[in-house]
Amino acid sequence: MPLPDELLEEIFLRLPPDESECLVRASLASKLWLGLLTGARFRGRYSELHGARPATTLGFFYTWPKDGGPRGEEPVPYPHFVPTTKFAARIPDDDEWREWEWEDYAAWDCRHGRVLFGERDRGPGQLIVWDPITADWTSLNASRDYTEASSRAAAVPCARIGCGHRSCYWGDPFLVVFVYLFDTVAYASVFEDTTRRRIETCSGLDLPFHARIEPMPPVLAGDALHFMLAYEDDDHPVGVLKYNVVSNRLSLIDAPCSWSITADDSILLMATEDGSLGFAHVDGLTLYLWSRQMGSDGVAAWTRARVIHLKELLPIQNPEKRVIRLVGSEEGSDVIFVPRTLASTR
């Protein structure tokens, strides 16, 4: 005799957040359990019971250079995903998904339970939004302006007002934010999932120099998405393009210590544990961490949060010859990822 839904819910509520793969596996057991676990009632009770604990990273996506992956590796029906738990992504069981030219696609953004795929060279082709837990997905075309731009990027935030983003799922509304450049002018437009329409493009923002949007994941801090800009100017090589999702407005933020950054340095935008915008910069074997904080005068400014000497923390071989590359961060956790090749794997 099957257990009543109420008893199942009480059992699932007691699964700890740091073992979130248990909830994922339970959602795969049956449509009944999937509906219960993704329902608004369960998600609300689970968040209330366990509080705002850090979300567990289920894994990460990576992209091999085209025709440069490991020999003998079987092709997969989506860009490569590496689980960090026992989680296994659910693959849509339909011909359109299987016939997609995945070798040309890479993960552009991943947040709030969804993954945004676009062409690996940041080309103007179709974009795909996929929920790897429920296997739901949709494709969409970008606007003509976006496809004709000189540089482009996109992000996929949740659109639910007041959402804490602890339990977003496919049934919740989402946005796809398009940011693109024409010479020295930046624009942004938004696709709404609920209406399947695009919101009016925001007013253009003049940039101080010719620029391109760096191919790194955007960062969500507060109500704004942040994109790294690379300027064609030796004295000011980088900047930050900020798009406020609520006010539909673009603005510029100067990068901290931009005068000292060179082409050999590794830089990264991140969302810090307190929800503010962060900036990481490696010079040699020293990691500098900056945080964007609001001052007593109501003006936001960069403050240097920490200076970390990596040689003392990481087993780096031949430190004099090493250039440390920052490859990503875990949003809202102060965790930064670097390649494992910094040290011997033996």
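Looking at (1) touching an Asp or Glu at 6+ places or on another chain (Cβ under 8 Å); (2) among the hydroxyl-bearing types (Ser, Thr, Tyr); (3) over 16 Å from Met216 (Cα atoms), find the lone condition where Tyr105 falls short.
Among (1) touching an Asp or Glu at 6+ places or on another chain (Cβ under 8 Å); (2) among the hydroxyl-bearing types (Ser, Thr, Tyr); (3) over 16 Å from Met216 (Cα atoms), Tyr105 violates only (3).
Out of all the residues in region 1-44, which are among the β-branched types (Val, Ile, Thr) and more than 26 Å from the chain's Cα centre (by Cα)?
Ile11, the sole residue that qualifies.
Name the pairs whose Cβ atoms lie under 7 Å apart, with the first residue in region 85-114 and of a type in the set (A, V, I, L, M), the second at pLDDT 85 or above and surrounded by fewer than 18 Cβ atoms within 10 Å (Cβ to Cβ), and 6 or more positions between them or separate chains?
Matching pairs, first to second residue: Ile91/Ala135.
Which condition does Ala135 not pass, out of (1) among the aliphatic types (A, V, I, L, M); (2) crowded, with 21+ Cβ neighbours inside 10 Å; (3) modelled with pLDDT under 90, if it passes all the others?
(2)
Yes or no: Arg304 modelled with pLDDT of 85 or more, in contact with a strand residue (DSSP E or B) (Cβ under 6 Å, 6 or more places away or on another chain) and of a type outside the set (A, V, I, L, M, F, W, C)?
Judged against the criteria, Arg304 is a match.
How many residues, within region 268-293, are under 21 Å from His309 (Cβ atoms) and assigned to a strand (DSSP E or B)?
14
Each row is one residue, and each column tells you yes or no for (1) part of a strand (DSSP E or B); (2) under 15 Å from the mean Cα position of the chain (by Cα); (3) at pLDDT below 90.
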residue	(1), (2), (3)
Arg160	no, no, yes
Gly164	no, no, yes
Tyr169	no, no, yes
Phe178	yes, yes, no
Leu181	yes, no, no
Ala188	yes, no, no
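So, in region 259-271, exactly how many residues are at pLDDT 85 or above and either under 10 Å from Val219 (Cβ atoms) or small (Gly, Ala, Ser) (or both)?
First pass over region 259-271, keeping only residues at pLDDT 85 or above: 267-271.
Restricting the remaining residues to those that are either under 10 Å from Val219 (Cβ atoms) or small (Gly, Ala, Ser) (or both) gives 268-271.
The qualifying residues number 4.
For region 200-216, give me the residue count where each residue is more than 14 Å from Arg152 (Cβ to Cβ) and out of contact with any Phe, Trp or Tyr (no Cβ under 6 Å at 6 or more places or on another chain). Quick ask: steps written out before the conclusion?
So in region 200-216, the residues more than 14 Å from Arg152 (Cβ to Cβ) come out as 200, 202-210.
Within this subset, residues satisfying the condition of being out of contact with any Phe, Trp or Tyr (no Cβ under 6 Å at 6 or more places or on another chain) are 200, 202-203, 205-208, 210.
Residues meeting the conditions: 8.
Can you pull out every residue in region 138-156 that is surrounded by 20 or more Cβ atoms within 10 Å (Cβ to Cβ) and of a type in the set (Val, Ile, Thr)?
Val156
Filter region 119-132 down to the residues that are modelled with pLDDT under 90 and surrounded by 21 or more Cβ atoms within 10 Å (Cβ to Cβ) and list them by number.
From region 119-132, those modelled with pLDDT under 90 are 119-126, 131-132; that's our starting set.
Correct list: Asp131, Pro132.
Residues are listed down the side, and each one gets a yes or a no for (1) in a loop (DSSP other than H, G, I, E, B); (2) farther than 24 Å from Asp109 by Cβ; (3) modelled with pLDDT under 75:
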site	(1), (2), (3)
Leu3	yes, yes, yes
Leu7	no, yes, no
Val24	no, no, no
Leu34	no, yes, no
Pro65	yes, no, yes
Gly68	yes, no, yes
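Can you tell me which residue among Ile91, Ile11 is over 26 Å from Asp274 (Cβ atoms), hydrophobic (A, V, I, L, M, F, W, C), at pLDDT 80 or above and in a helix (DSSP H, G or I)? First the steps, then the outcome.
Details: Ile91 fails: in a helix (DSSP H, G or I).
None of the other options fit; the residue is Ile11.
With the requirement that a residue be surrounded by fewer than 18 Cβ atoms within 10 Å (Cβ to Cβ) and in contact with a Lys or Arg (Cβ under 7 Å, 6 or more places away or on another chain), what does region 173-217 give you?
Pro173, Pro215
Kindly indicate whether Leu225 is of a type outside the set (Gly, Ala, Ser) and either out of contact with any Phe, Trp or Tyr (no Cβ under 7 Å at 6 or more places or on another chain) or under 13 Å from Ala149 (Cβ atoms) (or both).
no
The values are calculated or read from the model by the stated rules, or taken from the named source; none is laboratory data. Since this is a predicted model, take the numbers as computed values, not measurements. Neighbour counts are summed over all protein chains in view; Cβ atoms, including those assigned to glycine, are modelled from backbone coordinates with ideal geometry.
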